[in-house]
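Comments concern the structure below.
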Amino acid sequence: MLVRGLRRKIGVILQLQVNGDVHEVDVPDHWTLLEVLRYRLGLTGSKQGCDKGDCGACTVLLDGQPAISCLVLAREAEGRSVLTIEGLAPRHVAAGGCGVDPVQAAFDASGALQCGFCQSGMILSAWALLARNPRPRPEEVRAALAGNLCRCTGYTQIFDAVARLATAGAATAPETSPEAVRD
Amino acid sequence: MGARDRHGIDPPWGEFRHVGQGSTKIDGLAKATGAALYADDLSLPLMLHAKTLRSPHPHARLRAIDSGAALALPGVHAVITGRDLPVRYGILPWSQDETALAVDKVRFVGDPVAAVAAVDEDTANEALKRIRVDYELLHPFLDPRESLARGDPPIHEDRKEGNVSKKVELAFGDVDSAFAGAAVVIEGDYDFHGTTHAAIEPHCVLARYGPDGVLTLWSSTQITHYVHRALSRVLGLPPHRIRVIQPCLGGAFGGKSDPFSLEFCASLLAIRTARPVKMLYTREEVFYAHRGRHPMQMRYRTAAGPDGRLAAVDARILIDGGAYSSYGLVTTYYSGQLLTGPYHFPAYRFESTRVFTNKPPCGPKRGHGSVQPRFAFEVQLDRLAERLGLDPFELRRRNLLGADATTVNGQRVTSNGFARCLERVEEASGWRQRRGRLPRGRGLGMAGSMYISGTNYPIYPNPMPQSGIQLKLDRSGLVTVFSGGNDIGQGTNTIVRCLVAEELGLQLEQVRVVAADTDLCPVDLGAYSSRGTFMIGNAVLDACRKLRGTLVSAVAESWGVDPRRVRFVDGAVVDLEDPGRSLPTADAFQLAEARFDTLGATGSYNTPSLGGDYRGGTIGASPAYSFTAHVVEVTVDEETGRITCERAWIAHDCGRALNPVLVAGQMEGSAYMGLAEALVEEHEVNRFGLHRGPSLLDYRLPTSVDTPELHSLIVESLDPEGPYGAKEAGEGPLHPAIPALSNAVFDAVGIRLQHLPFTPGKVLKALRAAAAERRPAVAAVSGT
Ligand code: FES
Ligand code: FES
């Protein structure tokens, strides 16, 4: 009898540079970068909402640019630097900061994190925007986040989060304050 | 409702320290850093992956299933079919018509037929292809009118009423004489298309069956307790051998509030294989699992006096339920029962009929059962105002129900901030200066609504509390709260933390919340009916108040002072009369533990008896109602028929806003969702029973570029029974969005849109019809 569970896919060994570390992974040829991150490297912060490029929950930064990791074959990421949501706070700390990255803190302070499922992708898209344009105009913010669907927030508190950073300059973590006008 | 269920609106220690502050969420940073674990983020050693085979036919009898070839595939560990899980279930005990896998019939494209567990997803998918199913095709019902007209072939064989799922007819007051004597009668037909939740996280479960005979299921559910009960029933395991845990949840909106096939299948596969089993739905499967908002065809008649005072409302509603009952019984009642505020009318009749069709089953979506009638009714009111030459705000003001009132169908309304909601949106939108005065193509519309803060109807009748809380106090000064509530992103656990810190005078970081784990937490019924803040909040206050006396007296005794001098505040205990004397919380807890015993308490909440004294009178009866008013601004492009919603003002009476940032998030998310349902979203099934576009691209969710500017205006009418006066905020604020948008289009270009969604095609057609009506003579001349 065939021993169950031993069937192996013919894979290749890939070298991936993720959040500054180099990993060698052996995965089936058709696996996407998202699958490798989530199911091989344990980096489950990148989410899968559709697996076909529609929602943006799987957004990571490839050489600093937002990329839909469910549409990138793992082997296409070889030789490029991958930054995932898990990499932001350590990167901030390594640069002499403390706590989480200011973009993460601003999303938290603005109430933008409802279910949070879209937010690792959203935060990375916002982070990439602010990295190239520290003072984006509201239309630029909307355009930069258009690939990341959020079903919870109506985007308003997400815009607030980015606006805090755009006015404060990305160096300081914003304070908490209620956004809504109260009676 | 006992005295212990009413805690008053006042701060426990003189002034609020956390309530109203808009603190960050308890799990905010975990979510922002990717550390929060959702169901598909979990994995266990030796875990297998499971997949579901689904019916490609909308209606067919299952003649035979051959899974031999699938089972023979290396790497496949088990295949199960309907015979393995024949026990029926359903969220309501009165309509249990689902099985985890089809037993003798399939009733919609996507109905689960078999499930496979294999070493990996690829192998499981390959195995699905090798399962042979022999179907005998039956006539598919895809039009609810056909289901109403004939019951043959029946979709559910054992139903006496043919293909009718539920019919409710209720009348209050003398409707016919009111119509006979009315100065104005407005009549209209309205269509609500179907829409779906589209939470970004697909449904996912992980099941483990331990050597101790305990089944543990991690599930992306918003109703842990009901899943627990359903698993026990279907698997035949005693409930104490089942543990259900809800990990971090990636959105739900009602779409995860039924027990779903994957929960049973993964559990049984884990039992059969003695290995952990994960099942994750694809996005396409999520669209077919559905339970989204019911399509409704509605006819309304509204009678009023010459002054615009409402005299009577008469409604007939046909509800397309899809293939199974789900919450349909409640939907059918809600479609009529929840309309009776925020306006007073002395006579009301509705007849609602839900029918089965061979389409994905509908269920509860944010604003369950009442978003559709609200759309129709608020457009009716706009038409009434137009007919009488009244401002739409003025018409509504003439019909206010007010606070401490009883509705025509016998619902008790306590706090009511609706009048203030009207003022707030009227003022913020510049209504008086702008409405009717914007250039053609631009317009403002408004609408109002009322919604429940939980209901006294506990899904399965029982006298136990609806919500339970348990507190454990540690010598370190930490309080651990065990809450059965489901935090689905709306922030229930954040509210729990805030209330405990407020009641025990702690800093927020001194409170941790363990939630939605049936082994560890007392029962709460789940995240539905907007019940969380109200019911869980009251249970928290109950538990805390049982401990406060103990803590205070231990400290007072040790200090030798009157207990009234002892105050817990910000993580310390102070003597109000001796500013030099204080203790950290940890010391106070230790004094109390030494003096009394290990410290802990339970608390609970149950609703008072509510509702009208008639069959169905308790359905929709809530301990408190929230109120909302919207003004929506649109631009209509008369060339293309495209409507753009520019901005919306949302005023919502949520009672006391325990956390205004969370409240605003709920208001904005609700308004966004409603406006999207009006303009772009459509859950449409074609003539083959196939979903028109089961993807997040084809089912068009608005992006950051499409979403209008949203302005949240919080109104706080302190409710006598809510925790510190709080009510709901998660669902109510959606309701007025759709009618307000329709009414704005009328202001912009003079057409009435009554059939959703408001596509460019419908707009152009209505514009042409309106133009033809304006030029009858010209048309007649050119026709000769
Ligand atoms: S999961 Fe990659 S875009 Fe949706
Ligand atoms: S926070 Fe839930 S999808 Fe964005």
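For A:Gly42, are the conditions met, namely being farther than 22 Å from B:Tyr38 by Cβ, more than 16 Å from ligand 2 (Cβ to nearest atom) and out of contact with any strand residue (DSSP E or B) (no Cβ under 6 Å at 6 or more places or on another chain)? No: the conditions fail for A:Gly42. Here is a check on your reading of the model: is B:Val514 in a strand (DSSP E or B), free of Cβ contacts under 8 Å to residues at least 40 places away in the same chain, more than 16 Å from ligand 2 (Cβ to nearest atom) and of a type in the set (A, V, I, L, M, F, W, C)? Yes: the conditions hold for B:Val514. Residue count for the range B:21-40 satisfying the condition of being buried (at least 20 other Cβ atoms within 10 Å of the Cβ) and part of a loop (DSSP other than H, G, I, E, B): 9. Across the range B:123-155, the qualifying residues are those that are in a helix (DSSP H, G or I) and in the same structural domain as B:Lys105 (by TED's automatic domain parsing), and the one among them that is farthest from B:Asp111 (Cα to Cα) is B:Thr123. Within the range B:276-294, being open to solvent by 10 Å² or more (accessible area, probe 1.4 Å) and in contact with a Lys or Arg (Cβ under 8 Å, 6 or more places away or on another chain) holds for B:Pro276, B:Glu285, B:Tyr288, B:Arg291. Taking the conditions exactly as written (within 14 Å of chain A (Cβ to nearest Cβ), open to solvent by less than 10 Å² (accessible area, probe 1.4 Å) and in contact with a strand residue (DSSP E or B) (Cβ under 7 Å, 6 or more places away or on another chain)), does B:Thr628 satisfy them or not? Yes; evaluated as a whole, the condition is true for this residue.
Within the option set B:Thr332, B:Thr302, being part of a helix (DSSP H, G or I) and surrounded by 24 or more Cβ atoms within 10 Å (Cβ to Cβ) holds for one residue only, B:Thr332. Taking every residue in the range B:56-84 that is within 14 Å of chain A (Cβ to nearest Cβ) and of a type in the set (Val, Ile, Thr) and pairing it with any residue that is part of a strand (DSSP E or B) and crowded, with 19+ Cβ neighbours inside 10 Å, at least 6 positions away or on another chain, the pairs with Cβ-Cβ distances below 7 Å are B:Val76/B:Val116; B:Val76/B:Ala118; B:Val79/B:Ala114; B:Val79/B:Val116.
Scanning the range B:369-395 for residues that are of a type in the set (Gly, Ala, Ser) and crowded, with 24+ Cβ neighbours inside 10 Å returns B:Gly369, B:Ser370, B:Ala376. Residues of the range A:44-62 that are within 11 Å of chain B (Cβ to nearest Cβ), more than 6 Å from ligand 1 (Cβ to nearest atom) and buried (at least 23 other Cβ atoms within 10 Å of the Cβ): A:Thr44, A:Gly45, A:Ser46, A:Lys47, A:Val60.
Kindly provide the set of residues from the range B:374-395 that are under 15 Å from B:Glu187 (Cβ atoms) and not basic (Lys, Arg), ordered by number. Correct list: B:Ala376, B:Phe377, B:Val379, B:Gln380, B:Leu381, B:Asp382, B:Leu384, B:Glu386.
Screening the candidates B:Ala50, B:Ala102, B:Ala70 for the property of being within 28 Å of B:Arg159 (Cα to Cα) and touching a strand residue (DSSP E or B) at 6+ places or on another chain (Cβ under 7 Å) yields one hit, B:Ala102. Scanning the range A:88-101 for residues that are surrounded by fewer than 24 Cβ atoms within 10 Å (Cβ to Cβ) and not aliphatic (A, V, I, L, M), which turns out farthest from the other protein chains (Cβ to nearest Cβ)? Out of the qualifying residues, it is A:Gly96.
For the range B:1-46, a residue qualifies if it is within 16 Å of ligand 1 (Cβ to nearest atom) and either at the interface with another protein chain (Cβ under 8 Å from one of its Cβ atoms) or at pLDDT below 95 (or both), and the qualifying residues are B:Gly34, B:Tyr38, B:Asp40, B:Asp41. Scan the range A:120-163 for residues that are of a type outside the set (A, V, I, L, M), outside any loop (DSSP other than H, G, I, E, B) and either buried (at least 23 other Cβ atoms within 10 Å of the Cβ) or under 19 Å from the mean Cα position of the chain (by Cα) (or both) and the total you get is 11. Pairing each residue of the range A:102-122 that is more than 7 Å from chain B (Cβ to nearest Cβ) with any residue that is at pLDDT below 95 and open to solvent by 10 Å² or more (accessible area, probe 1.4 Å), provided the two are 6+ apart or on different chains, yields C-beta distances under 6 Å for A:Pro102/A:Ala170; A:Pro102/A:Ala173; A:Ala105/A:Ala173; A:Ala106/A:Arg164; A:Ala106/A:Pro174.
Any residue that is open to solvent by 10 Å² or more (accessible area, probe 1.4 Å), over 22 Å from A:Ala146 (Cβ atoms), within 10 Å of another protein chain (Cβ to nearest Cβ) and modelled with pLDDT of 95 or more - is there at least one of those in the range B:665-682? Within the range B:665-682, one or more residues are open to solvent by 10 Å² or more (accessible area, probe 1.4 Å), over 22 Å from A:Ala146 (Cβ atoms), within 10 Å of another protein chain (Cβ to nearest Cβ) and modelled with pLDDT of 95 or more.
One line per residue, one yes/no per condition, for (1) under 17 Å from B:Ser267 (Cα atoms); (2) of a type outside the set (D, E, K, R); (3) more than 16 Å from ligand 1 (Cβ to nearest atom); (4) away from chain A (no Cβ under 14 Å):
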| position | (1), (2), (3), (4) |
| --- | --- |
| B:Ala149 | no, yes, yes, yes |
| B:Pro154 | no, yes, yes, yes |
| B:Glu161 | no, no, yes, yes |
| B:Val168 | no, yes, yes, yes |
| B:Asp176 | no, no, yes, yes |
| B:Ala182 | no, yes, yes, yes |
| B:Ile200 | no, yes, no, no |
| B:Ser220 | yes, yes, no, no |
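With respect to the conditions (1) buried (at least 22 other Cβ atoms within 10 Å of the Cβ); (2) within 25 Å of A:Gly154 (Cα to Cα); (3) within 14 Å of chain A (Cβ to nearest Cβ), B:Leu206 lacks only one, and its number is (2). Sub-6 Å Cβ pairs linking a first residue in the range B:487-498 that is at pLDDT below 95 to a second residue that is buried (at least 24 other Cβ atoms within 10 Å of the Cβ), at least 6 apart or interchain, number zero. Checking the structure you have, find out if any residue of the range B:594-614 is under 30 Å from B:Pro392 (Cβ atoms) and out of contact with any Cys (no Cβ under 7 Å at 6 or more places or on another chain). So far as the range B:594-614 goes, yes, one or more of its residues are under 30 Å from B:Pro392 (Cβ atoms) and out of contact with any Cys (no Cβ under 7 Å at 6 or more places or on another chain).
This table checks each residue for (1) more than 16 Å from ligand 2 (Cβ to nearest atom); (2) buried (at least 22 other Cβ atoms within 10 Å of the Cβ).
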{"position": "A:Gly64", "(1), (2)": "yes, no"}
{"position": "A:Leu73", "(1), (2)": "yes, no"}
{"position": "A:Ser81", "(1), (2)": "yes, no"}
{"position": "A:Ala105", "(1), (2)": "yes, yes"}
{"position": "A:Ala109", "(1), (2)": "no, yes"}
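Results for (1) open to solvent by 10 Å² or more (accessible area, probe 1.4 Å); (2) within 23 Å of B:Gly250 (Cα to Cα); (3) not assigned by TED's automatic domain parsing to the domain that holds B:Leu718; (4) not in a strand (DSSP E or B), shown as yes or no for each residue.
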| residue | (1), (2), (3), (4) |
| --- | --- |
| B:Leu46 | yes, no, yes, yes |
| B:Ala50 | no, yes, yes, no |
| B:Leu53 | yes, no, yes, no |
| B:Ala64 | yes, no, yes, no |
| B:Leu71 | yes, no, yes, yes |
| B:Arg83 | yes, no, yes, yes |
| B:Pro86 | yes, no, yes, yes |
| B:Gln96 | yes, no, yes, yes |
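Among the criteria (1) more than 16 Å from ligand 2 (Cβ to nearest atom); (2) at the interface with chain B (Cβ under 9 Å from one of its Cβ atoms), the one A:Ala131 does not fulfil is (2). Checked against (1) crowded, with 22+ Cβ neighbours inside 10 Å; (2) in a strand (DSSP E or B), B:Gln297 passes all but condition (1).
The values are calculated or read from the model by the stated rules, or taken from the named source; none is laboratory data. Here the structure is a predicted model, which means the values were calculated and not measured. So basically every Cβ, Gly included, is an ideal-geometry build from the backbone, and we count neighbours across all protein chains shown. What goes into the accessible areas is simple: the full protein's heavy atoms, side chains included, and nothing from ligands, DNA or RNA. Shrake-Rupley method; radii C 1.70, N 1.55, O 1.52, S 1.80 Å.
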